[in-house]
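Data block below; observations after.
The values are calculated or read from the model by the stated rules, or taken from the named source; none is laboratory data. These figures come from a predicted structure and were not determined experimentally. Note that we place each Cβ from the backbone using ideal geometry, even for glycine, and neighbour counts take in every protein chain shown. Just so you know, the surface numbers come from the protein's heavy atoms only, side chains and all, with ligands and any DNA or RNA stripped out. Shrake-Rupley method; radii C 1.70, N 1.55, O 1.52, S 1.80 Å.
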Amino acid sequence: MISINILDYSPVDENYDAQEALIQTTELAKRADQLGYKRFWVSEHHQMQSLAGSTPELLMMHLAASTNHIRIGSGGVMLPHYSSYKVAENFRMLEALYPNRIDLGIGRAPGANRLVTHALNEEKTRPLSYEQQVMDLKSFLTNDFPEEHRFKDLFTTPDISTTPEMWVLGGGGGSAKIAADNGAAYTFAHFINPYGEGIRAINHYRENFKPSKLFKEPHVMIAVFAVIAETNEEAEELAKAFDLWLLKAESAQTPNSYPSIETAKIYSYSSFEKETIHRNRNRVVVGDVNHVKEQIENLAKKYGVKEVTILPNISGANNRVKSIELLARAFNLKEL
């Protein structure tokens with residue numbers, strides 16, 4: 001059996017605003033909870049008008065309060081921006097309020113005593129390596145420090161009996177090594193790097209995993225963009241808007257909103273842009289639900305995983321809800 005999860009970017013559709021996008025994310029999470037999905041994660045993006053998800057911890061608090069069963073997580077917190085100590089406190093607070101429902105996914109991409117002040121502000125005065133930050137975060141989450149650790153006399157509040165699941169996110173071998181070294185779970189971003197490195201990264205993670213207070217055994221998942229509709233033809237129509245959004249989101253011309261199908265149809269693509277779109281299709285599964293289910297199962301088999309996270313980053317809130325409903329039925333998720 002494959003567990004299916006969702007990572008939502010809170011896309012801001014044409015003629016909508018960011019506040020409406022966040023309401024749509026909430027409705028999507030509530031529906032995913034009803035449908036029996038395992039996890040619902042939200043992202044951290046900055047200065048992208050087409051995406052409203054900028055502070056996952058705050059959005060997670062709202063989503064956890066709006067749902068009943070589904071695990072709520074970050075996909076992810078961009079750790080180099082922040083104090084590991086403060087991130088641990090944020091997520092221990094979430095875990096205290098919603099025990100056994102909180103996932104802390106972290107990524108690398110860009111009053112108090114003196115010891116606490118040092119822990120909260122260290123990166124601002126003396127930048128740390130990402131590897132050190134992850135090690136610190138693990139220790140702060142579990143209140144388990146090596147004897148020689150500079151913060152071994154510091155503990156993290158609230159003092160609770162459970163721990164958020166910690167997932168290291170990445171698209172290559174470096175993140176896999178960090179996850180293995182710290183006994184954390186690992187998510188490979190097929191939607192970023194679909195070109196073969198993932199199998200090597202996951203194998204390295206499994207072979208070198210060091211059991212910890214986070215996990216006793218390796219835990220791994222993959223994540224992929226997904227465009228799902230009633231028919232292959234409808235999915236290809238939706239994929240036109242996805243193609244244009246991804247093209248612009250990863251260029252100097254970041255879009256002001258998530259384009260509609262109509263906008264995508266009238267756009268005049270250069271030959272270079274057409275080639276980029278062709279390559280990007282390796283990062284997404286597109287089609288009717290049976291076709292997408294087959295593609296997801298093939299990816300799960302290829303990577304040797306039992307958890308797959310989809311990013312239903314498509315135009316239209318109704319289309320996003322419909323896509324997760326179709327997929328839930330296809331994978332026989334238990335509707336609650």
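Quick notes
- Contour minus Cα-Cα distance for His291 and Arg329 (0.36 nm per residue): 12.3 nm
- Whole-Å distance, taken between Cα centres, linking the range 18-79 and the range 130-186: 23 Å
- Summed side-chain charge close to Phe191 - residues other than Phe191 whose Cβ falls under 14 Å, Lys, Arg +1, Asp, Glu -1: -1
- Residues of type lysines that Lys306 reaches as a straight line, Cα spacing below 25 Å, ignoring anything fewer than 8 places off in the same chain: Lys30, Lys38, Lys138, Lys177, Lys210, Lys213, Lys216, Lys293, Lys322, Lys334
- Amide hydrogen neighbours beyond the local backbone of Ile6, cut-off 5 Å, H modeled: Arg39, Phe40, Trp41, Ile310
- The residues packed around Asp243, meaning those with a beta-carbon under 13 Å from its beta-carbon, carry a net charge of +2 if Lys and Arg are +1 and Asp and Glu are -1.
- The residues of the chain expose, per residue, 45 Å² of accessible area to a 1.4 Å probe.
- Net charge, Lys138 excluded, C-beta distance under 9 Å - Lys, Arg +1, Asp, Glu -1: -1
- Amide H to amide H, with H built 1.01 Å from N, Glu307 comes under 5 Å of Ser3, Ile222, counting only residues 5 or more places away or on other chains.
- Student exercise, the chain dipole from Lys, Arg, Asp, Glu Cβ charges, in Debye to nearest 20: 740 debye
- Beta bridges per DSSP, both residues in the chain: antiparallel share near 5 percent.
- Inter-label distance for Ser251 and Ser271, nm, one decimal - labels placed 7 Å from Cα along Cα-to-Cβ: 1.6 nm
- Of the residues Pro127, Val224, Ile277, the one whose Cα sits farthest toward the positive end of the charge dipole of the chain, with +1 on the Cβ of Lys and Arg and -1 on the Cβ of Asp and Glu, is Pro127.
- Protein accessible area in the range 131-249, 1.4 Å probe - carbon and sulfur %: 50 percent
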